[in-house]
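Structure first, then comments.
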């Protein structure tokens, strides 16, 4: 089954990530400097085809293609051993474990925030979760090409395995301690729950930390992708400047 990658930034990210593209379709009426992208496509040996814009509109089915579409095989998923093989716990890696995030926009946003903050991988369940799609790719702004995404059958067993590998587990939940009270100087698996029911009870019981983000308004919880970004960047802030000062 093939997938479509729409938009200049996403297609460029796919090429730079050396993803295998079967072909790139470019509108004959496209504007702007496309030469860097076209040169890279030729360097990668990816076939280029110039077509009427109407053809792209038909194929994109409402996606904002910006005059360019790429066709590729479905996105690669890593297995857990493959993901861990590239990590050294002494470097304090950060993994996101998403326990039932079903909105592809939230998954794409988390990939984007995670890539910006240096997250080392994202773990998804095979069922009851958003998966890698064109919508996720578009929202991630190319991060889907550089953040390894792992699918597992059982999240609880995965947490147990990660503990044996030296990771500490932190689950986000409104009933936890304030996230800034944790000293994030360890290899961490950050668990984010579903948009409706949050982190499952069993995963919270297996966690070393339960952390929350304080709120002062009438709405007492954040969107999961926003909450994830806040927590990831606190980890990054502490590691860059543990005394709270800028690293400049």
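Okay, here's what the table says:
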quantity	calculated
Candidates 188, 152, 219 - the one that is surrounded by fewer than 12 Cβ atoms within 10 Å (Cβ to Cβ) and within 23 Å of residue 107 (Cα to Cα)	219
Number of positions in the range 31-50 that are in contact with a helix residue (DSSP H, G or I) (Cβ under 9 Å, 6 or more places away or on another chain), loosely packed, with under 15 Cβ neighbours inside 10 Å and not in a helix (DSSP H, G or I)	3
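Taken together, the values in this text are just the output of simple stated rules run on the coordinates, not laboratory data. In this text the structure is predicted, and so the values were computed from the model without any measurement. Cβ: placed from backbone, ideal geometry, glycine included. Neighbour counts: every protein chain shown.
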